[in-house]
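Data first, discussion second: the structure below is written as structure tokens.
The values are calculated or read from the model by the stated rules, or taken from the named source; none is laboratory data. Bear in mind that the values here come from a model prediction, so they are computed numbers and not experimental data. What goes into the accessible areas is simple: the full protein's heavy atoms, side chains included, and nothing from ligands, DNA or RNA. Shrake-Rupley method; radii C 1.70, N 1.55, O 1.52, S 1.80 Å.
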Amino acid sequence: MTSLPRRVYGASPWHLLLMVGVLALIAYAGTRLLHGGDPWMIAVWFAGGALLHDLVLVPAYTLVGRAVRRVGRRVGRHAGRGAGRRGSTAVPDLVLVPATASGLLLLVYLPLILGPPDAYVSKTGLTGEPFAARWLLVSAVLLAASAAVGAARARRAARRDRPG
């Protein structure tokens, strides 16, 4: 027997509460964004971002993911660990996840990394100087965390595969 909110809404009441909160946050951000800007340019920016993502970035993600997985399978096969699905995808995923996060951060903050526009400097009083160093630092931390996860998995697999 399902509860009334689940039958009516299709998910738990917590999901509904979360969705209402997210929509409220989006509405607040939208009003802040439209308060000082040109609504048409913002709409063009969103449409351009959606088109860029769907027509350029998704095919690029797919091609890079396939290439990294193919290389990972070859490396795993040559190392004698390519028999299982987990062994063939673990290393590529340890590279793809931090690389994707780093790439998305670069995409979002690229204008500030390359040098902020005059409007940014005049409105915030901040230079874009620390953005490149911070992006590199975040990327290094993501890759180091991924390497630590890979080392822990390798250690666990070595213990499991050890005879006796």
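Observations, loosely collected:
- Scaled against 2.2 N^0.38 Å for its residue count N, the alpha carbon radius of gyration of region 1-76 is 1.80.
- Along region 134-145 the Karplus relation, 6.51 cos²θ - 1.76 cosθ + 1.60 evaluated at θ = phi - 60°, assigns HN-Hα couplings of 5, 5, 4, 5, 4, 4, 5, 5, 4, 5, 5, 5 Hz to successive residues, with x for each Gly and Pro.
- On a per residue basis, the chain carries 78 Å² of accessible surface, using protein heavy atoms and a 1.4 Å probe.
- On the chain, 70 percent of the accessible area sits on carbon and sulfur atoms, based on a 1.4 Å probe.
- Prolate/oblate/rounded call for the chain, Cα gyration tensor, a/c under 1.5 rounded: oblate
- Region 24-63, Cα convex hull volume normalised per residue, Å³: 71
- Largest first, the extents of the alpha carbon coordinates of region 101-142 on the three principal axes equal 32, 15, 13 Å.
- Percentage relative contact order, the chain, counting C-alpha pairs under 8 Å, at least six apart: 14
- Computed 3J(HN,Hα) for region 55-72, one whole-Hz value per residue from the Karplus formula 6.51 cos²θ - 1.76 cosθ + 1.60 where θ = phi - 60°, is 9, 10, 6, 4, x, 5, 4, 5, 5, 5, x, 5, 5, 5, 5, 4, 5, x, glycine and proline marked x.
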